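Contents: one structure, followed by commentary.
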Amino acid sequence: MKKIIKRKRVLLKLSGEAMMGSLGYGIDPKINESIAKQVKEISKSGVEVAIVIGGGNIFRGLAAASQGMDRVSADYMGMLATMMNGLALQFALEKEHVTTRVQTAIEMCQLAEPYIRRKAIRHLEKGRVVIFVCGTGNPYFTTDTAAALRAVEINADMILKATKVDGVYTKDPVKYKDAKKIFRLTHMDVIKQNLKIMDLTAVSLCMDNNLPIVVFNIKKEGNLKKAVDGQNIGTVITN
């Protein structure tokens, strides 16, 4: 299989569940540290790294809304959870001596910078890791959509979608031993087959802007560097 080109600027999409690790709730310090070390590895190699982080390990707005909570209020609470994850990841990165900036779509000046596109790009150019929190700042939009939006805005070369499995499979590989890994898909394949990789709004935005997505297992140390280097791990989604 042909290797994809090594990229200069990438956006890493981390789910809240990835931060949770084997815990049932919250942030696993070991996972947080592992992610920080992997980000440090690619950052020190000269790759500009931006991160969009979810909050599902603390609060899921959609789940709360399904139980009767007002959807808008629930989504805003979920955005606050992403801030907590962002600050935790910033701490872990700075322990590894990686300079970071947290930028938020909802203004919280005591905790983070407001999201300003030009400022984010300038941070990246200076070698700082930029963590985007609070999604798009709007209810009804997922952090997947925020990742696609921010990636397009900062002119990222690819989205690295971090998951617990090493790519996209025909079935759930945890439940079905005969599940087969799919190495390459198009954005339209994902949309037509309604694959639950990212929400359809995010995938459509990536398709419209010819933005590749690499789905890979973040739990295995070294995989982030391999994904950036274009090695054949995970599933690659392109036009």
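The values are calculated or read from the model by the stated rules, or taken from the named source; none is laboratory data. As the structure is a prediction and not an experimental result, all values here were calculated from the model. Counting neighbours? That spans all protein chains shown, and the Cβs are built from the backbone with ideal geometry, glycine included.
The residue list Ser22, Ser15 contains one member that is modelled with pLDDT under 95 and within 14 Å of the chain's Cα centre (by Cα), which is Ser15. Checking Gly127, Gly78, Gly135 one by one, the residue that is of a type outside the set (Val, Ile, Thr) and over 24 Å from Gly21 (Cα atoms) is Gly127 and no other. Scan the stretch 104-121 for residues that are buried (at least 16 other Cβ atoms within 10 Å of the Cβ) and in contact with a Cys (Cβ under 9 Å, 6 or more places away or on another chain) and the total you get is 5. Tell me whether the stretch 173-189 contains one or more residues that are in contact (Cβ under 8 Å) with a residue 40 or more places away in the chain and touching a Cys at 6+ places or on another chain (Cβ under 9 Å). Yes, some residue in the stretch 173-189 is in contact (Cβ under 8 Å) with a residue 40 or more places away in the chain and touching a Cys at 6+ places or on another chain (Cβ under 9 Å). When we screen Glu41, Glu33, Glu48, Glu94 for residues that are in contact with a strand residue (DSSP E or B) (Cβ under 8 Å, 6 or more places away or on another chain) and more than 23 Å from Met198 (Cβ to Cβ), the only hit is Glu94. The strands (runs of 3 or more DSSP E) falling completely within the stretch 132-218 include none with 2 or more residues that are over 16 Å from the mean Cα position of the chain (by Cα), at pLDDT 95 or above and surrounded by 17 or more Cβ atoms within 10 Å (Cβ to Cβ). Being closer than 21 Å to Leu211 by Cα and in contact with a Gly (Cβ under 9 Å, 6 or more places away or on another chain) is true for just one of Leu62, Leu14. Which residue is that? Checking each option against the conditions leaves just Leu14. When Ala74, Ala63 are checked against the criterion of being farther than 25 Å from Cys206 by Cα, of a type in the set (A, V, I, L, M, F, W, C), exposed (fewer than 13 other Cβ atoms within 10 Å of the Cβ) and at pLDDT below 95, Ala63 stands alone in meeting it.
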